[in-house]
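**Student:** Would you mind keeping the following structure in view while I ask a few things?
The values are calculated or read from the model by the stated rules, or taken from the named source; none is laboratory data. Everything numeric in this text was worked out from a predicted model, so none of it was measured. Cβ: placed from backbone, ideal geometry, glycine included. Neighbour counts: every protein chain shown. Accessible surface is based on the protein model in full, side chains and every heavy atom, while ligands, DNA and RNA are left aside. Shrake-Rupley method; radii C 1.70, N 1.55, O 1.52, S 1.80 Å.
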Amino acid sequence: MKYYLIAGEASGDLHGSNLIKEIQKMDTNADIRCWGGDKMKATGATLVKHYKDLAFMGFAEVIKNLPAILRNFKFCKNDISNFKPDVIVFIDYPGFNLRMAKWAKENGFKTVFYISPQVWAWKENRVKNFKRDIDKMIVILPFEKAFFQKWNYEVEYVGHPLADVIENFKSDHPEIKVDEKTIALLPGSRKQEINAKLPVMLEATKSFPGYNFVIGKAPSIEDQFYQNFINKYPNVNAIANDTYSLLMKSTAALVTSGTATLETALFGVPEIVCYKASNLSYQIAKRLVKLKFICLVNLIMDKEVVRELIQNDLTAENIAIELKKILFDKTKREKILDDYSALKQLLSEDGNASKNAAESIYSFVKNSGIQ
């Protein structure tokens, strides 16, 4: 059968590549075209657009690059029309993918969305568009199934693909041992968020002179950008393209909100979640987003597993206080690690998420009458 996959970010490239590998096991003659990155290309799929050409973040940048974005939409529509896939699989990346899904459905293509946009956080009424444009929604967070049921929208929960990715990485690298003096700093992947959080994280390192703090660099940001921050902090350095090894080595971590909080938990590293935005952005988000927590770990477990330091609470003094707790309070560390074990069980109890998703997509297309 013919599959067309669209991913627009590094995480989508990772999850898309694992999905393709599982599809190829079931459908040995699968013909796959994709938007993604090097990992998806390495599976043998035909890569037609790299996500590095699609990353426009922020209102001003989107406006500036609007002609390029519109050209991408036009190119994608033409490429799909020429390829005539049996199914289009949209992987996260909602800004682009939801618009393409509307066009695809209107033009008679079968549509599957893998890794649902986070409508449970804000703009819930987008579910109406999902019901109209998406034939099958595959979700990776356990609470999403119940959320969509409120909207009378049947979705399929397959587990979280990161559970397998991280377990495989740990199995492949038994030589990496925990260093009790290494603490990971994961300040985000965009310059704007790094500028907001990294200086506060670095100030807190002064309270821990006997520890080695290591920044996990974002792959798209130049080394000099980080060097400007860390010059005056003797116990801080940075590494590139090796965040998973860093987490395996670390005894604790300071992590900005997002998928990194979940990755840190699945590596079993006690963490503090650090979030700060401009005051205007924060005030707008506070009014739009109706959630008890901002961290995926806490959201999934529906309780405070790890401490969140948000906006005005994110100070060097508060980081130092909380970091001392997770370093030196044995009871506190054990409680976090017990909750991490429960989290891992919750995300992996249905087995391999990529395999489950591939089976779901394959059977959906076959049962739709494609031979």
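**Student:** Among the lysines, select those whose C-alpha is under 22 Å from the C-alpha of K324, and discard any that sit fewer than 8 residues away in the same chain.
**Tutor:** In chain and number order, the partners are K177, K181, K197, K206, K249, K276, K303, K332, K335.
**Student:** Could you tell me the ratio Rg/Rh of the range 218-360? Both radii from Cα atoms, Rh via Kirkwood.
**Tutor:** 0.99
**Student:** Leaving out ligands, DNA and RNA, and with a 1.4 Å probe, what % of the accessible surface on the chain is carbon or sulfur?
**Tutor:** Taking all protein chains in place, the chain shows 49 percent carbon and sulfur surface.
**Student:** Using only the heavy atoms of the protein chains and a 1.4 Å probe, how would E167, E317, E144 rank by accessible area, largest first?
**Tutor:** The ranking, largest first, comes out as E317, E167, E144.
**Student:** Separate question: Which residue, L202, L185, L291, tops the fluctuation ranking in a GNM of the chain built on C-alpha contacts under 10 Å?
**Tutor:** Maximum fluctuation in the GNM of the chain, among the listed residues, is at L291.
**Student:** For the chain, modelled as a Gaussian network with Cα springs under 10 Å, which listed residue fluctuates most, T46, T28, T251?
**Tutor:** Evaluated over the chain, the most mobile residue of the options is T28.
**Student:** Sum up the charges of everything whose Cβ sits under 14 Å from the Cβ of A265, counting Lys and Arg as +1 and Asp and Glu as -1, but leave A265 out.
**Tutor:** Combined, the nearby Lys, Arg, Asp and Glu give -1.
**Student:** Could you pull out the longest piece of the chain with no exposed loop trypsin sites (Lys or Arg not before Pro) in it, calling a site exposed if DSSP puts it outside H, G, I, E, B and it has at most 10 other Cβ atoms within 10 Å?
**Tutor:** 1-149
**Student:** Can you show me the helix-derived [θ] at 222 nm for the chain, built from DSSP H runs with n ≥ 4 at -39,500 (n - 2.57) apiece and divided by the number of residues, rounded to the nearest 500.
**Tutor:** Computed mean residue ellipticity for the chain: -15500 deg cm²/dmol.
**Student:** Give me the net charge for the shell around V306: Cβ to Cβ below 9 angstrom, other residues only, Lys and Arg +1, Asp and Glu -1.
**Tutor:** Charge balance near V306 sits at -3.
**Student:** Among K150/K355; K49/K355; K39/K366; K49/K84, which pairs are too far apart, with a Cα-Cα distance over 21 Å?
**Tutor:** K150/K355; K49/K355; K39/K366
**Student:** What net charge is computed for the residues neighbouring D350, neighbours being all others with C-beta under 12 Å from the C-beta of D350, Lys and Arg scored +1, Asp and Glu -1?
**Tutor:** So the surrounding residues net to -2.
**Student:** Does the range 46-176 classify as rounded, prolate or oblate by the C-alpha gyration tensor (a ≥ b ≥ c root eigenvalues; a/c under 1.5 gives rounded; else a/b over b/c gives prolate, otherwise oblate)?
**Tutor:** oblate
**Student:** Averaged per residue, what accessible surface does the chain expose to a 1.4 Å probe, in Å²?
**Tutor:** 47 Å²
**Student:** Take the chain, connect every pair of alpha-carbon atoms lying under 10 Å apart with a spring to form a Gaussian network, then pick out the residue of I183, I221, I140 with the largest mean-square fluctuation.
**Tutor:** I221
**Student:** Any aspartates and glutamates with Cα under 20 Å of the K145 Cα? List them, leaving off those in the same chain fewer than 8 positions away.
**Tutor:** List returned: D92, E124, D133, D135, E154, E156, D302, E349, D350, E359.
**Student:** Let me ask another. At a Cα cut-off below 13 Å, give the aspartates and glutamates reachable from K191, other chains included and same-chain residues fewer than 8 away excluded.
**Tutor:** Answer for K191, where 13 Å is the Cα cut-off: E222, D223, listed by chain and number.
**Student:** Output the DSSP H helices from the chain with an along-axis C-alpha extent of no less than 20 Å and a mean Kyte-Doolittle hydropathy no less than -0.5.
**Tutor:** 10-26, 66-83, 191-205, 353-367
**Student:** Still on this structure, I have one more. Just need the relative contact order of the range 32-171 here, percent rounded to a whole number, with Cα pairs under 8 Å and 6+ apart.
**Tutor:** 13 percent
**Student:** Further question on the same structure: So how exposed is C295, as accessible area in Å² (1.4 Å probe, rounded to 10)?
**Tutor:** Probe radius 1.4 Å; accessible area of C295 about 0 Å².
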